[in-house]
Amino acid sequence: MRSGTPAAGLALTAAMLCSAAVPAHAQAVHAAADLILTGGRVRTPAGWAEALAVRQGVIVAVGDAASVRLSQGPKTAIVDLRGGTVLPGLHDTHVHPLDGGITARRCKVPQGSDLAATQRLVKACASRARPDEWILGGQWDAPALGGIPDRRALDAIAAARTANGFSGLMHNVGHCTFV
């Protein structure tokens, strides 16, 4: 696996979501790692390390490059960080704090809701709104809905509202609207 490929990016993201690991020299490896990140700096609660190993989405070894390489098996993907840095934990550098507060007051559609659940929730929100009030809300995601939705899915449950006003559901990442 080459550094910079989508798979490497996914693996790196999975590794970054983990926040604790056992030092490589203290970890008895029973199964090979799926991924080793090496050739850079890895931030740990104890300071800095050179490399880390990941198995099934969990960091299983952190330490100097030689110790972490003991986790390598024949199918282990090796990503050369080329001097880059890995920061374990959840790091969101693209947030919308104001939108978060506004969204909390709108029609809430839990991420992962299928089309029928989304329609039920929007219909319930529409029933509580004034006739001239826009129905706004969100958190839909295309895979859960079975594809990219169009307005017919909203018209099926709130046709009068979409004809007289506006109904719109924001995508789960906030960059497109289903109207």
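Worth a mention:
Results for (1) surrounded by 13 or more Cβ atoms within 10 Å (Cβ to Cβ); (2) polar (S, T, N, Q); (3) modelled with pLDDT under 80, shown as yes or no for each residue.
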{"site": "123", "(1), (2), (3)": "yes, no, no"}
{"site": "129", "(1), (2), (3)": "yes, no, no"}
{"site": "139", "(1), (2), (3)": "yes, yes, yes"}
{"site": "144", "(1), (2), (3)": "yes, no, no"}
{"site": "165", "(1), (2), (3)": "yes, no, yes"}
{"site": "170", "(1), (2), (3)": "yes, no, yes"}
{"site": "175", "(1), (2), (3)": "no, no, yes"}
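- Scanning segment 68-113 for residues that are of a type in the set (Gly, Ala, Ser), in a loop (DSSP other than H, G, I, E, B) and modelled with pLDDT under 85 returns 89, 104.
- Scanning segment 146-155 for residues being surrounded by 12 or more Cβ atoms within 10 Å (Cβ to Cβ) and assigned to a helix (DSSP H, G or I) gives a total of 4.
- Any hit, segment 115-137, residues being closer than 21 Å to residue 44 by Cα, assigned to a helix (DSSP H, G or I) and in contact (Cβ under 8 Å) with a residue 12 or more places away in the chain: no
- Those residues of segment 37-48 which are assigned to a strand (DSSP E or B) and within 12 Å of residue 84 (Cα to Cα), in sequence order: 37, 38, 41, 42, 43
- Within segment 73-121, the set of residues being among the hydroxyl-bearing types (Ser, Thr, Tyr) and surrounded by fewer than 10 Cβ atoms within 10 Å (Cβ to Cβ) comprises just one member, 93.
The values are calculated or read from the model by the stated rules, or taken from the named source; none is laboratory data. Quantities reported herein were computed from a predicted structural model and do not represent experimental measurements. So basically every Cβ, Gly included, is an ideal-geometry build from the backbone, and we count neighbours across all protein chains shown.
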